[in-house]
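Below is one structure; the comments refer to it alone.
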Amino acid sequence: MKKITALILCLIMTAMAIAETTATKVFQLGTSAYTIEIDESFVEGTRSEEEIKDDMVAYMHSDNTLLDFDVYQFSKEGYPKSLSDFVQQEAHDYNATEVVTDGNINGIAVACYRAVETYDGQEYSTLTYVMEDGNEYVELAFWLDGETADEEARAIINTLAFVTR
């Protein structure tokens, strides 16, 4: 039992040391009131005209991970006005699973869902988080490529904060 406890303690300390040495930067989600912290290796990728027309305001990727993510920001006009109703509709459209319409991260109302989306003919698991910002919705869509992508996405979303409090 002592060996197991010592091993767990060692693993925790190692994880904490790695976390402390990873340099991060604050990234604002479009022009919204929200930020996240991401590894400093993330850079903005190219967006197509079609993606820009689809309200994508950023595509972020890193050579250090297979995880990448898209940020969307758009008016609520023409969509359900409540976050819950909007996410239920979107989840239905994407045949989503694990739909959460009443989440809360760091005091911010958040909804989310998992889906399978196709990009360049290949299917990918995605984890999408949606927040309200006044008369707009802000979406953060993580493309879960790689074995650690799910935990990486959760680590990033758990840094969600207001630009100013």
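For the reader, a short list of remarks on this structure follows.
- The stretch 81-104: number of residues that are open to solvent by 100 Å² or more (accessible area, probe 1.4 Å) and outside any helix (DSSP H, G or I): 5
- Output for the stretch 135-147, where each listed residue is out of contact with any helix residue (DSSP H, G or I) (no Cβ under 6 Å at 6 or more places or on another chain) and in contact (Cβ under 8 Å) with a residue 60 or more places away in the chain: N135, E136, Y137, V138, E139, L140, A141, W143, D145, G146
- Residues (of a type outside the set (D, E, K, R) and in contact (Cβ under 8 Å) with a residue 24 or more places away in the chain) located in the stretch 71-93: V71, Y72, Q73, F74, S75, Y79, L83, S84, F86, V87, A91
- Selection within the stretch 105-124: residues that are touching an Asp or Glu at 6+ places or on another chain (Cβ under 8 Å) and surrounded by fewer than 21 Cβ atoms within 10 Å (Cβ to Cβ). The member of this set that is nearest to Y79 (Cα to Cα) is A109.
- Subset of the stretch 21-38 [assigned to a helix (DSSP H, G or I) and either open to solvent by less than 40 Å² (accessible area, probe 1.4 Å) or basic (K, R) (or both)]: none
Listed here are the residues, each with its yes/no results for (1) modelled with pLDDT of 95 or more; (2) more than 14 Å from the chain's Cα centre (by Cα).
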position	(1), (2)
I105	yes, no
V110	yes, no
A115	yes, no
T118	no, yes
Q122	no, yes
L127	yes, no
V138	yes, no
D145	no, no
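- Check on Y72, open to solvent by less than 70 Å² (accessible area, probe 1.4 Å), of a type in the set (S, T, Y) and touching a Gly at 6+ places or on another chain (Cβ under 9 Å): yes
- Residues of the stretch 39-68 that turn out to be touching a His at 6+ places or on another chain (Cβ under 8 Å) and either open to solvent by 40 Å² or more (accessible area, probe 1.4 Å) or outside any strand (DSSP E or B) (or both), as a count: 3
- Reported count of residues in the stretch 128-164, each being open to solvent by 20 Å² or more (accessible area, probe 1.4 Å), among the aliphatic types (A, V, I, L, M) and not in a strand (DSSP E or B), is 3.
The values are calculated or read from the model by the stated rules, or taken from the named source; none is laboratory data. What you see is a predicted model; the values in this text were computed from it and never measured. In this analysis, Cβ positions are derived from the backbone assuming ideal geometry, glycine residues included, and neighbour counts consider all displayed protein chains. Note: areas computed on protein heavy atoms with side chains; ligands, DNA, RNA excluded. Shrake-Rupley method; radii C 1.70, N 1.55, O 1.52, S 1.80 Å.
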